[in-house]
Every structure is written in C-alpha cells, then in structure tokens.
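Here is the structure we will look at.
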Amino acid sequence: MEEYGYDTFTTVANSIENHYERILNFFVNRSTNAAAEAFNAKIKAFRASFRGVVDMSFFLFRLAKVYA
C-alpha cells in the first residue's frame, strides 16, 4: 500500500498487525478494559472535586474509602 500513497491505511494495517492477538482475544473472551476505564474516570472526577488538596495521604485515604 505504501506505493499508492495511502499512509492512513498503512497506519491502520500496521496497528492491526501489531495488535491482532488482543483484537481477536475480544471475540474469544468478550473482555474489554471498560471496568478499568470507568474506575479511572471516577478517580479523575474525585480528584477534580478535591482541587488544592495538600495532604496526599488523606486524599488517598478518602479515595480508598469512597471507591473501595
């Protein structure tokens, strides 16, 4: 494909080639990282509500109590 100048298609083809096992694993196990992404979003929202927190140990304590 490089000879035709389809750089975008080449990028997509390389991505599929590099990650094909993980892509196919979804169809076998139906597993995604959605739970991890949702947890990261909760942490970001929690962190946004506590702007300016100086005591990091207290922040981590509250985070563990709220989302544990």
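No lab work stands behind these numbers, since they all come straight from the coordinates. Not measured: the values here are computed from a predicted model. For neighbour counting, all protein chains shown are included, and Cβ atoms are generated from backbone atoms with ideal geometry for every residue, glycine included.
Things to note:
- Residues located in the stretch 46-68, provided they are of a type in the set (A, V, I, L, M), under 20 Å from the mean Cα position of the chain (by Cα) and surrounded by 10 or more Cβ atoms within 10 Å (Cβ to Cβ): 63
- Top-ranked residue in the stretch 3-45 [being aliphatic (A, V, I, L, M) and within 30 Å of residue 63 (Cβ to Cβ); ranked as surrounded by the most Cβ atoms within 10 Å (Cβ to Cβ)]: 43
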